[in-house]
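Got a structure for you, written out below as structure tokens; questions coming shortly.
The values are calculated or read from the model by the stated rules, or taken from the named source; none is laboratory data. A quick note: this is a predicted structure, and the numbers were derived from the prediction, not measured. Methodologically, a virtual Cβ is constructed for each residue, glycine included, from the backbone with ideal geometry; neighbour enumeration extends over all protein chains shown. Areas reflect the complete protein model, heavy atoms only, side chains present, ligands, DNA and RNA absent. Shrake-Rupley method; radii C 1.70, N 1.55, O 1.52, S 1.80 Å.
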Amino acid sequence: MEINRILVTGRMYKELEKLALLDTKREYLFLPEEEVHSNHFDWADGYVAFKPTETFHFGNLQWVHALGAGVDSFLFHREWNMDVVLTRTVGSFGRKIGEYCLSYILADIQRHDNFQHAQAHRQWKPSQQKLLHQLSIVIFGTGTIGEEVARMLRSFGVTVYGISRSGAENCHFNSVHPITEVNTVLPNADWVINTLPLTPITEGLFAKQLFSYVQGAGFINVGRGNSVDENALLEAIGFGQVRRAVLDVFNEEPLPVHSPLWAHPNVIVTPHISAVTGVDEAIDGLLAVLGEMDNGQARISQSVDVQRGY
């Protein structure tokens with residue numbers, strides 16, 4: 001595949017202008033989303049962005065590169081031209097998300113909230129904390145991000161179980177189970193972490209039935225908001241099935257001001273920041289993909305299986 005003209009847009013388009021200096025063999029066009037018109041897709045054979053613009057169409061495109069790890073904005077409930085290659089940015093997202101999860105898990109077992117409350121009331125209340133190696137954590141998704149989260153947690157002695165569609169073995173987990181076995185794995189979990197991409201299979205997966213298997217665990221969502229029924233989650237918190245929820249992604253973003261999640265005492269809200277794409281890793285990932293294409297590599301390392309959605 002020969003890529004000669006690349007359209008770059010989205011919130012990072014200005015910072016990515018240095019691409020034109022680093023890759024002089026191609027012609028680049030850097031535009032804000034609102035200035036991208038239909039004819040630009042007839043000019044370009046490559047498109048780089050976090051998501052399609054409102055004017056997006058395949059036109060002359062041969063290749064699309066997502067600046068994030070998730071590609072649901074390109075594929076979910078959209079038709080894809082199978083002649084167009086889709087790649088994504090991976091970078092250090094797994095490590096970023098792993099440290100994000102670890103920070104909230106540590107804060108929880110070290111009882112930061114309890115001690116802050118005691119301090120505010122000038123109360124001296126010693127207590128014994130749990131240790132990481134005593135925890136059992138279930139991670140939904142055993143791909144690049146899920147396995148990095150598992151690797152990090154296991155380095156501290158945490159027992160980590162993976163949930164995937166197939167249940168295929170993965171050395172980064174103590175064991176991996178198919179989605180059909182969640183009822184046997186979730187009851188003993190101290191924490192449940194969602195790292196799944198959004199696909200027709202994962203849409204609304206975390207609903208009343210699944211939460212019914214959880215028995216007082218914490219829940220972290222760093223996958224996609226539409227995988228979670230937010231009303232079912234609130235109900236599960238009310239029933240004590242979910243003890244605490246740490247949410248970085250939501251059904252609607254930004255999270256509407258009227259959402260009950262904002263003020264719920266057992267919910268922590270963060271604004272989709274668990275793995276923000278850095279400019280350098282975006283450029284490095286993009287140039288790596290272009291290099292593989294230039295070398296005629298048959299299988300691009302960051303390519304997406306568009307039929308699976310990841």
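When you check V48 against the structure, is it β-branched (V, I, T), closer than 27 Å to S274 by Cα and either in contact with a Pro (Cβ under 9 Å, 6 or more places away or on another chain) or surrounded by fewer than 15 Cβ atoms within 10 Å (Cβ to Cβ) (or both), yes or no?
Spelling it out, it is not the case that V48 is β-branched (V, I, T), closer than 27 Å to S274 by Cα and either in contact with a Pro (Cβ under 9 Å, 6 or more places away or on another chain) or surrounded by fewer than 15 Cβ atoms within 10 Å (Cβ to Cβ) (or both).
State yes or no: is T184 open to solvent by 10 Å² or more (accessible area, probe 1.4 Å), farther than 23 Å from D72 by Cβ and among the β-branched types (V, I, T)?
Against the criterion (open to solvent by 10 Å² or more (accessible area, probe 1.4 Å), farther than 23 Å from D72 by Cβ and among the β-branched types (V, I, T)), T184 qualifies.
Here's a follow-up. Given Y13, Y47, which one is in contact with a strand residue (DSSP E or B) (Cβ under 7 Å, 6 or more places away or on another chain) and within 29 Å of E203 (Cα to Cα)?
Of Y13, Y47, the one residue that is in contact with a strand residue (DSSP E or B) (Cβ under 7 Å, 6 or more places away or on another chain) and within 29 Å of E203 (Cα to Cα) is Y47.
In segment 255-285, how many are closer than 30 Å to V90 by Cβ, more than 16 Å from the chain's Cα centre (by Cα) and free of Cβ contacts under 8 Å to residues at least 40 places away in the same chain?
Adding up the residues that qualify gives 4.
I would also like to ask the following. Of the residues V176, V160, only one is surrounded by 18 or more Cβ atoms within 10 Å (Cβ to Cβ) and more than 15 Å from C101 (Cβ to Cβ); which?
Exactly one of V176, V160 is surrounded by 18 or more Cβ atoms within 10 Å (Cβ to Cβ) and more than 15 Å from C101 (Cβ to Cβ), namely V176.
Within segment 89-122, count every residue that is of a type in the set (V, I, T) and either open to solvent by 80 Å² or more (accessible area, probe 1.4 Å) or over 12 Å from I220 (Cβ atoms) (or both).
3
Okay, moving on. Can you go through T53, T24 and tell me which one is assigned to a loop (DSSP other than H, G, I, E, B), among the polar types (S, T, N, Q), surrounded by 21 or more Cβ atoms within 10 Å (Cβ to Cβ) and out of contact with any strand residue (DSSP E or B) (no Cβ under 7 Å at 6 or more places or on another chain)?
Answer to the selection: T53.
If you go through segment 206-233 one residue at a time, how many are open to solvent by 30 Å² or more (accessible area, probe 1.4 Å), within 15 Å of L247 (Cβ to Cβ) and more than 11 Å from the chain's Cα centre (by Cα)?
Within segment 206-233, residues that are open to solvent by 30 Å² or more (accessible area, probe 1.4 Å), within 15 Å of L247 (Cβ to Cβ) and more than 11 Å from the chain's Cα centre (by Cα) number 4.
On to the next question. In segment 290-302, which residue that is surrounded by 13 or more Cβ atoms within 10 Å (Cβ to Cβ) and aliphatic (A, V, I, L, M) is nearest to E230 (Cα to Cα)?
I300
Among the strands (runs of 3 or more DSSP E) lying completely within segment 79-191, list those that include at least 2 residues that are over 21 Å from the mean Cα position of the chain (by Cα) and within 23 Å of T270 (Cβ to Cβ).
Of the strands (runs of 3 or more DSSP E) lying wholly inside segment 79-191, none has at least 2 residues that are over 21 Å from the mean Cα position of the chain (by Cα) and within 23 Å of T270 (Cβ to Cβ).
Condition first: more than 20 Å from D280 (Cβ to Cβ) and open to solvent by less than 10 Å² (accessible area, probe 1.4 Å). Now tell me which residues in segment 1-21 satisfy that.
Answer for segment 1-21, where residues must be more than 20 Å from D280 (Cβ to Cβ) and open to solvent by less than 10 Å² (accessible area, probe 1.4 Å): I3, L7.
Within segment 273-289, which residues are in a loop (DSSP other than H, G, I, E, B) and buried (at least 18 other Cβ atoms within 10 Å of the Cβ)?
S274, A275, T277
Continuing with the same structure: Can you confirm whether D305 is under 21 Å from the mean Cα position of the chain (by Cα) and either surrounded by 14 or more Cβ atoms within 10 Å (Cβ to Cβ) or over 23 Å from L106 (Cβ atoms) (or both)?
Against the criterion (under 21 Å from the mean Cα position of the chain (by Cα) and either surrounded by 14 or more Cβ atoms within 10 Å (Cβ to Cβ) or over 23 Å from L106 (Cβ atoms) (or both)), D305 qualifies.
Which condition does R151 not pass, out of (1) open to solvent by less than 80 Å² (accessible area, probe 1.4 Å); (2) closer than 30 Å to N183 by Cβ; (3) of a type in the set (D, E, K, R), if it passes all the others?
So R151 meets the others, but not (1).
Out of all the residues in segment 60-78, is one or more among the aromatic types (F, W, Y) and either loosely packed, with under 14 Cβ neighbours inside 10 Å or not in a loop (DSSP other than H, G, I, E, B) (or both)?
So far as segment 60-78 goes, yes, one or more of its residues are among the aromatic types (F, W, Y) and either loosely packed, with under 14 Cβ neighbours inside 10 Å or not in a loop (DSSP other than H, G, I, E, B) (or both).
Still on this structure, I have one more. How about segment 225-280: which of its residues are in contact with a helix residue (DSSP H, G or I) (Cβ under 6 Å, 6 or more places away or on another chain), among the hydrophobic types (A, V, I, L, M, F, W, C) and under 20 Å from D72 (Cβ atoms)?
Result: V249, F250, A275.
One residue is enough: does segment 290-302 have a residue meeting the conditions closer than 24 Å to R78 by Cα, touching a strand residue (DSSP E or B) at 6+ places or on another chain (Cβ under 7 Å) and part of a helix (DSSP H, G or I)?
Looking for residues that are closer than 24 Å to R78 by Cα, touching a strand residue (DSSP E or B) at 6+ places or on another chain (Cβ under 7 Å) and part of a helix (DSSP H, G or I), one finds none in segment 290-302, hence no.
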